[in-house]
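Take a look at the structure below.
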Amino acid sequence: GIMPPWKPSADCNHYQNERRIDAAAIQLFADWAAAGAPAGDPADAPPPIDTDTGLPRVDRTIAMADDYTPKVEPSDPDDLHCFLLAPELPPDARMLGFYVHPGEPRVVHHVLLYLPDASEADALDAADPGLGYSCFGGPLATSAAVVAGWVPGMPAITYPEGTGIPLAEGSKLIMQIHYNTLQAGPLPDRTAVDLMLTDATEGTQAQIMSVRDTGCAIPPNPKDHSTTVTIDAPRDGNVSAPAP
């Protein structure tokens with residue numbers, strides 16, 4: 001009941017892909033372990049799990065230009081690095097979905113994809129020698145908006161039907177990767193992203209917004225604590241999914 005963590009209370013609501021396990025299943029595993037974990041009859045084995053969690057179709061795959069090995073210090077196993085990607089988009093493209101392929105899963109902690117002003121992104125990339133540029137905390141581009149995000153175990157994401165992220169011809173994307181080398185050491189990585197696109201201009205613009213309280217202070221040893229954050233939405237719309 002502790003790992004993997006699943007914080008929403010069962011008394012509150014139920015969600016897709018909940019990480020819960022009931023008491024009967026826990027007892028089944030406990031009894032099996034206590035018996036020495038005996039093998040079952042291969043004839044009773046279920047069919048292999050379908051692990052294809054990609055997009056319905058892939059219209060463009062964008063990737064880092066070369067391998068990148070995280071640059072870390074012995075006292076700090078983390079490296080946040082940004083890479084400039086040029087997807088060579090058709091006119092009036094709209095991103096309908098994405099799927100991230102971490103090149104080296106043992107060091108890729110998470111990935112964020114930003115849509116910046118192309119000239120600002122070019123300047124940031126040119127100012128730092130080598131592949132990409134260091135970018136702790138964010139992409140450093142004031143014009144950049146988050147358009148995609150990935151954490152380990154996450155399947156392909158498609159935006160709600162009738163929506164999407166407009167990508168003008170000539171757009172560039174900044175891919176920020178958080179590398180953590182604590183377990184595996186600094187291994188080379190070349191992460192890629194599949195995009196599902198359409199050339200249709202109709203539809204509602206999707207948008208990823210951050211709702212956060214940077215001044216939230218949780219007192220020590222609380223039995224129950226909550227905080228409330230209010231934001232002004234830029235336009236009327238529907239909330240499709242939260243990513244806590």
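The values are calculated or read from the model by the stated rules, or taken from the named source; none is laboratory data. This structure is a prediction, so every number in the text was calculated from the model and none was measured. So basically every Cβ, Gly included, is an ideal-geometry build from the backbone, and we count neighbours across all protein chains shown. Remember, those area values only see protein heavy atoms, side chains included, never the ligands or the DNA or RNA. Shrake-Rupley method; radii C 1.70, N 1.55, O 1.52, S 1.80 Å.
If you take the beta carbon distance between Thr198 and Ala39 as r and set R0 to 41 Å, what does 1/(1 + (r/R0)^6) give as a FRET efficiency, to the nearest 0.05? About 0.25, to the nearest 0.05.
If r is the Cβ-Cβ distance from Phe136 to Thr230 and R0 is 25 Å, what FRET efficiency results, to the nearest 0.05? Efficiency computed from Cβ-Cβ geometry: 0.35. Helical content alone sets the calculated 222 nm signal of the chain at -2500 deg cm²/dmol, taking -39,500 (n - 2.57) per DSSP H segment of four or more residues and averaging over every residue. The relative contact order of segment 1-110 comes to 19 percent, based on Cα pairs under 8 Å that sit 6 or more residues apart. Between Ala217 and Ile21, residue separation times 0.36 nm minus the direct Cα-Cα distance comes to 67.4 nm. Rounded, prolate or oblate: which fits segment 1-138 when a ≥ b ≥ c are the square roots of the eigenvalues of the alpha-carbon gyration tensor, with rounded for a/c under 1.5 and prolate only if a/b beats b/c? The shape class here is prolate. Solvent-accessible area assigned to carbon and sulfur over the chain amounts to 54 percent, based on a 1.4 Å probe.
Length gained on full extension, Glu169 to Cys12, computed as 0.36 nm times the residue gap minus the Cα-Cα distance: 52.0 nm. When Rg and Dmax are taken over the Cα atoms of the chain, they come to 21.5, 64 Å. Using the 1.4 Å probe convention, the accessible area of the chain works out to 67 Å² per residue with neighbouring protein chains retained. For segment 161-244, just say rounded, prolate or oblate: build the C-alpha gyration tensor, square-root its eigenvalues into a ≥ b ≥ c, call rounded for a/c under 1.5, and beyond that prolate if a/b exceeds b/c, oblate if not. Taking the square roots of the gyration eigenvalues as a ≥ b ≥ c, segment 161-244 is oblate.
Within the assembled protein chains, the solvent-accessible surface assigned to Glu73 is about 120 Å², based on a 1.4 Å probe. Amide H contacts of His101 (H built 1.01 Å from N, in plane; Pro and chain starts excluded): Ala192, Val193, Asp194 sit under 5 Å, all sequence-distant by 5 or more or on other chains.
With the cut-off at 1.5 for a/c, could you classify segment 95-172 from its C-alpha gyration tensor as rounded, prolate or oblate? Cα axes put segment 95-172 in the oblate bin.
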